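**Student:** I have a structure I would like to understand better, so I am pasting it below and will then ask my questions one at a time.
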Amino acid sequence: MDNRIRIGLEYSFRGETFSPSATIDLDTLGDPAEAPDWHAMLAASAGIDTYSYAYEVMQQSPLRFSEAGGLAAQYLHDDDFDFAGFVHARRQADIPAQLQGIASEVLQVDDLDAQPALAEALLQAYRLGRASLGDSAKDS
């Protein structure tokens with residue numbers, strides 16, 4: 001799935017207006033616990049040194065998110081992106097494939113969808129494992 005989003009902003013520095021923007025491949029971010037530093041990512045793509053005054057001014061400008069693709073599109077509202085909601089949904093979307101991998105490797109079950117009771121048992125075991133670790137971001 002192509003999870004991507006476009007970020008941009010506009011700011012003025014030394015009498016010039018700048019409008020850097022970049023498309024970010026969200027799948028390359030891994031599974032972060034918190035949102036990345038969008039301003040730093042945008043600065044890097046625009047060739048703006050993060051130790052410059054231009055960057056400091058840029059950090060004061062609100063980000064605009066647009067052109068989301070994949071699962072990310074469901075978490076783009078107006079110009080704002082619910083990154084935490086996206087990460088949670090992506091984790092949820094990955095669970096069936098992970099359970100299928102376990103079923104194939106351990107139980108030699110190639111189609112977990114054909115055995116819904118087994119799929120539910122594996123899902124409950126997964127949730128029990130998460131709960132026993134005291135994970136505050138429990139899956140629903």
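The values are calculated or read from the model by the stated rules, or taken from the named source; none is laboratory data. Every value quoted in this text rests on a predicted model; they were computed, and no experiment measured them. All Cβ positions, even for glycine, are placed from backbone atoms using ideal geometry, and neighbour counts span all protein chains on display.
**Student:** Please work out which residue is surrounded by the most Cβ atoms within 10 Å (Cβ to Cβ), limiting yourself to the stretch 1-21 and to residues that are within 15 Å of residue 83 (Cα to Cα) and among the β-branched types (Val, Ile, Thr).
**Tutor:** 5
**Student:** One residue is enough: does the stretch 55-69 have a residue meeting the conditions touching a helix residue (DSSP H, G or I) at 6+ places or on another chain (Cβ under 6 Å), without any contact (Cβ under 8 Å) to a residue 40 or more places away in the chain and in the same structural domain as residue 13 (by TED's automatic domain parsing)?
**Tutor:** Scanning the stretch 55-69 turns up at least one residue that is touching a helix residue (DSSP H, G or I) at 6+ places or on another chain (Cβ under 6 Å), without any contact (Cβ under 8 Å) to a residue 40 or more places away in the chain and in the same structural domain as residue 13 (by TED's automatic domain parsing).
**Student:** Still on this structure: Restricting to the stretch 22-63, name every residue that is of a type in the set (Ser, Thr, Tyr), over 14 Å from the mean Cα position of the chain (by Cα) and surrounded by fewer than 16 Cβ atoms within 10 Å (Cβ to Cβ).
**Tutor:** Matches in the stretch 22-63: 45, 50, 51, 52, 53.
**Student:** Sort out which residues of the stretch 77-102 are within 15 Å of the chain's Cα centre (by Cα), in contact (Cβ under 8 Å) with a residue 12 or more places away in the chain and part of a helix (DSSP H, G or I), and write them in order of number.
**Tutor:** Hits for the stretch 77-102 are 83, 84, 86, 87, 88, 89, 90, 91, 92, 93.
**Student:** Something else: Taking residue 112 and the conditions (1) at pLDDT 90 or above; (2) more than 30 Å from residue 18 (Cα to Cα), which numbered condition does it fall short on, given that it satisfies the others?
**Tutor:** (1)
**Student:** Restrict the check to the stretch 33-55 and report whether at least one residue is closer than 22 Å to residue 97 by Cα and modelled with pLDDT under 95.
**Tutor:** yes
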